[in-house]
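Below: one structure, written as structure tokens.
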Amino acid sequence: MIRTLGDLYREYARVVDMCDGTLVSPNECVRYPGHILGGAGGTPCLRLKPIEHYTFAVGIVEGRPVFHGDTLWHTVLGTTCVVGAGETIPTEHAACFSWDAPKRARTIDLPALPVPLTVSGDRKLRVVIVQLRSEDDGTAWLNAFIERIES
């Protein structure tokens, strides 16, 4: 909780350190209700009152600042989580989080129906029909290929 001007500047210094080595500007990590703080390269205005209304990012995930109340996907646990008050996301743990849940893997059913086919002479070919069906939306495709049967 920010109570004094010293708290405010210490918190901003923490944000500057957190952004060091990333593409995230410290200005992106400071919020004040109803105001856009700072410019692309300048220091944000930290003189707005009451100072208790400033909020600072608690981590950086996938190149974006994370604030209390943001919902992230925990990649290790496979679940969503809301960043609570007082929590921070250390740089070394940022890889355990994502802004989006992973796309569900698609499984494809591949039943093959071999149809023997004899061609003139002693060469034999087989037509194999494969039906592909997506579990996600039920769409189906039919593919066929011819393979040579070695005699």
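A short reminder: the numbers here are calculations on the coordinates, not readings from a lab. As the structure is a computational prediction, the values presented were derived from the model and not from experiment. Neighbour counts are summed over all protein chains in view; Cβ atoms, including those assigned to glycine, are modelled from backbone coordinates with ideal geometry.
Ordered by residue, what ³J(HN,Hα) values in Hz, to whole numbers, does region 82-92 give under the Karplus form 6.51 cos²θ - 1.76 cosθ + 1.60, where θ = phi - 60° and Gly and Pro are x?
Computed from phi, the couplings for region 82-92 are 9, 6, x, 4, x, 8, 10, 10, x, 3, 5 Hz.
Return the long-range amide H neighbours of HIS68 (sequence gap of 5 or more, or a different chain), with a cut-off of under 5 Å between placed amide H atoms.
VAL58
Given H placed 1.01 Å from N in the peptide plane, which residues other than close sequence neighbours of PHE97 have an amide H under 5 Å from its amide H?
Amide H to amide H, under 5 Å and 5 or more residues apart or across chains, PHE97 pairs with THR75.
FRET efficiency for THR91 and ARG47, Cβ-Cβ distance as r, R0 = 30 Å, nearest 0.05?
FRET efficiency, THR91 to ARG47: 0.55.
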